[in-house]
Amino acid sequence: MNTVAFHTFGCKLNFSETSTIERKFKQKGYKKIPINDNPNKVIINTCSVTENADKKCKELIKKIKNKSPKTEIDIIGCYAQLKPKEISQINGVNLVLGMKEKFEISNYFNDKKEKILHSKINGITKFNATYSINERTRAFLKIQDGCNYGCSFCTIPLARGKSRSNTINEVLNKINKLISKGSKEIVLSGINIGDFGIVNGKRKESFTDLIIAIEKINKKIRFRISSIEPNLLNDKIIKVISKSNKFLNHFHMPLQSGNNKILKDMSRRYTKELYEKKVKKIKSLMPDACIGGDVIVGFPGESKSDFKETYKFINNLSINYLHVFPYSERVNTRADIMKNKIPTNEKALRSKMLRILSDKKKRFFYDKNIGLKKSVLFEKGKKNDWVNGFTENYIKVKVPYNDNIIGKIKSVRLRKTTNDLTVIGDLI
Ligand code: SF4
């Protein structure tokens, strides 16, 4: 029997795409085995959001080749779309597939004629629906792909192409399928999901329509929205979610900077004032809601006082955690040729400051919830005799390990925040 192993870098969307490709290989009779067990083939689904992601991919290829010289290595994903030639020249790479071709990879298994199968990204309008299910608990459902925005630092539109979506009907079908497979929570995922609704190059529906349609599903299931641009999170969506017993009170909105000059240079489509307005709107309707945001530090031209402004803005904002990224130069982006690049050590310092601030905010939020009763979906995996899960409002909770609660939603009273930012809970 042919054996295959998978490795995925990057975002949840990549993981959901790998899962779908895994199922295709299974249908063709391949057996999935761990990467260290000398598989016949390894599929690496790459990311290219940071310079580091490229480096990690190259290191992995080398490691596989050293351990299993006969294993064929196929590369797919954002890095494969952006730099197919460069990747094909890495020692050990068998085949490189572009964004359009990657979903057909199981058909190219024995095709050795070409080393690169790759189409230009602009011509892709077809949407490929994918999902991954995390041990019958949380599923990541891709509803949208690509992006039409063109932020100056971002390679995603070059790697993934134009915005395109599934239809609402098809999303509802997929949701029903996931529920029948036992999913208790579905995370609606995409690159720019607030832009949902473009089908075959034309706008047909909207993300607001989708939220309203999902809200009408008559089944017990939880939904999260993975991440949404602040300018696309409209009041109607916030209102529907605030009254919903399906959508959880957890939002993730990329902020990127708390300085309007930097936001403009990044070509972001909002100001810090608009971001703050959205946070206030959410908190006014759902005081318990968890709000997270992404921030890029050390963008070209971000002076010390610009950064200070961002720091102060976030410090005063009612958001509850941050994902912090030091700015990473990407070729073929407008930011790459901007002047006044920030030194690496300064970027590291700014990252550290914001990560400390993030922990402080998260701890404050967790502590505010101590004593409250929450619903926790427990996930697979024993961690030092504990089992973890997340509340509706995205608080990480642990209780003493109990096999019977894995994959189930249980009522928990929150007791104490630990040093590693998890809340110890008591089942009730
Ligand atoms: S919105 Fe901006 S950062 Fe997000 S994927 Fe589109 S171009 Fe990239």
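Please say if the range 1-133 is rounded, prolate or oblate, where rounded means a/c under 1.5 for a ≥ b ≥ c the square roots of the C-alpha gyration tensor eigenvalues, and otherwise the choice is prolate for a/b larger than b/c and oblate otherwise?
Rounded, because the longest to shortest axis ratio a/c is under 1.5.
Ignoring ligands, DNA and RNA, what percent of the accessible area of the range 113-227 is carbon or sulfur (1.4 Å)?
Of all accessible area on the range 113-227, carbon and sulfur atoms account for 49 percent.
Just to confirm, what accessible area per residue do you get for the range 3-119 at 1.4 Å probe, in whole Å²?
For the range 3-119, the solvent-accessible area averages 48 Å² per residue.
Which entries of Lys312/Lys361; Lys181/Lys383; Lys83/Lys126; Lys56/Lys115 have Cα-Cα distances beyond 24 Å here?
Flagged as over cut-off: Lys181/Lys383.
So what's the back-of-envelope 222 nm ellipticity for the chain, counting only DSSP H runs of four-plus at -39500 (n - 2.57) apiece and dividing by all residues, rounded to 500?
-10000 deg cm²/dmol
To make sure I understand the rule: partners must be aspartates and glutamates, Cα under 15 Å from the Cα of Lys26, and not fewer than 8 residues away in the same chain. Which ones qualify?
Candidates past the 8-residue exclusion: Glu17, Glu104.
Starting from the Kirkwood Rh over alpha-carbon pairs, what translational D in µm² s⁻¹ does the chain have by Stokes-Einstein at 37 °C and 0.692 mPa s? Could the numbers behind the result be given before it?
Working: Rh = 22.9 Å.
The Stokes-Einstein estimate is 143 µm²/s.
Can you list the HN-Hα couplings for the range 418-424, worked out from phi with the Karplus curve (6.51, -1.76, 1.60; θ = phi - 60°), rounded to whole Hz and with x for Gly and Pro?
8, 5, 8, 6, 9, 9, 7
How large a share of the accessible area of the range 266-305, in percent, is made up of carbon and sulfur atoms when the probe is 1.4 Å and the other protein chains stay in place?
Using a 1.4 Å probe with all protein chains present, the range 266-305 comes out at 54 percent carbon and sulfur.
From the Cα trace of the range 50-97, what convex hull volume per residue do you get, rounded to a whole Å³?
Cα-based convex hull of the range 50-97, divided per residue, equals 60 Å³.
Can you tell me which aspartates and glutamates have their Cα less than 17 Å from the Cα of Lys408? Leave out same-chain residues fewer than eight positions away.
Answer for Lys408, where 17 Å is the Cα cut-off: Glu135, Glu185, Glu379, Glu392, Asp426, listed by chain and number.
Measure out, as a whole number of angstrom, how far apart the alpha-carbon centroids of the range 405-428 and the range 283-331 sit.
With the range 405-428 and the range 283-331 each reduced to a Cα centre, they are spaced 28 Å.
What number, in nm² with one decimal, is the all-direction average of the projected area of the convex hull of the alpha-carbon atoms of the range 74-193?
Quarter of the Cα hull surface area: 8.9 nm².
Largest first, what is the accessible-area ranking of Asp420, Asp209 with a 1.4 Å probe? Working shown, then result.
Details: Asp420 100, Asp209 75 Å².
Ranking Asp420, Asp209 by accessible area, largest first, yields Asp420, Asp209.
The range 121-248: D in µm²/s via Stokes-Einstein (Kirkwood Rh, Cα pairs, 10 °C, 1.306 mPa s)?
D = 106 µm²/s.
Place a +1 charge on the Cβ of each Lys and Arg in the chain and a -1 charge on the Cβ of each Asp and Glu, then give the dipole magnitude about the Cα centre in debye, rounded to the nearest 20.
Numbers: 85 positive and 42 negative charges, 128 e Å.
It comes to approximately 620 debye.
Mind checking the range 333-428 for trypsin sites (Lys or Arg not before Pro) that DSSP puts in a loop (not H, G, I, E or B) and that have at most 10 other Cβ atoms within 10 Å?
Answer by residue number: Lys339.
So which aspartates and glutamates pass the test for Lys204, namely a Cα distance under 16 Å, with those fewer than 8 places away in the same chain ruled out?
Straight-distance partners of Lys204: Asp145, Glu170, Asp195.
Sum up the charges of everything whose Cβ sits under 10 Å from the Cβ of Val171, counting Lys and Arg as +1 and Asp and Glu as -1, but leave Val171 out.
Details: positive: Lys142, Lys174; negative: Glu170, Glu205.
Summing Lys and Arg as +1 and Asp and Glu as -1 gives 0.
Which one, Asn169, Asn36, Pro254, is farthest towards the positive end of the dipole of the chain when Lys and Arg carry +1 and Asp and Glu -1 on their Cβ?
Asn169
Determine the dipole magnitude for the range 215-354: charges of +1 sit on the beta-carbon of Lys and Arg, -1 on that of Asp and Glu, nothing else is charged, the reference point is the Cα centre, and the result goes in debye to the nearest 20.
540 debye
Just to check I understand the Karplus step: with θ = phi - 60° and J = 6.51 cos²θ - 1.76 cosθ + 1.60, what whole-Hz values come out for the range 182-192, glycine and proline as x?
Ordered by residue, 3J(HN,Hα) equals x, 5, 9, 8, 10, 9, 6, 10, x, 8, 9 Hz.
On a 28 Å Cα-Cα criterion, which of the cross-link pairs Lys177/Lys243; Lys216/Lys410; Lys31/Lys202; Lys174/Lys202; Lys246/Lys308 come out too long?
Too far apart for the 28 Å limit: Lys31/Lys202; Lys246/Lys308.
Residues with amide H under 5 Å of Gly407's amide H, sequence separation 5 or more or different chain, H placed in the peptide plane at 1.01 Å from N; which?
Distant-sequence amide H within range of Gly407: Phe378, Glu379, Lys380.
Specify the residue with the greatest mean-square fluctuation among Thr333, Thr155, Thr391, computed from a Gaussian network of the chain linking alpha-carbon atoms under 10 Å apart.
Sorting by GNM fluctuation, first place goes to Thr333.
The values are calculated or read from the model by the stated rules, or taken from the named source; none is laboratory data. What you see is a predicted model; the values in this text were computed from it and never measured. Because the Cβ atoms are built from the backbone with ideal geometry, glycine has one as well, and the counts that use them run over all protein chains shown. Ligands, DNA and RNA are excluded from the accessible area calculation, which covers all protein heavy atoms including side chains. Shrake-Rupley method; radii C 1.70, N 1.55, O 1.52, S 1.80 Å.
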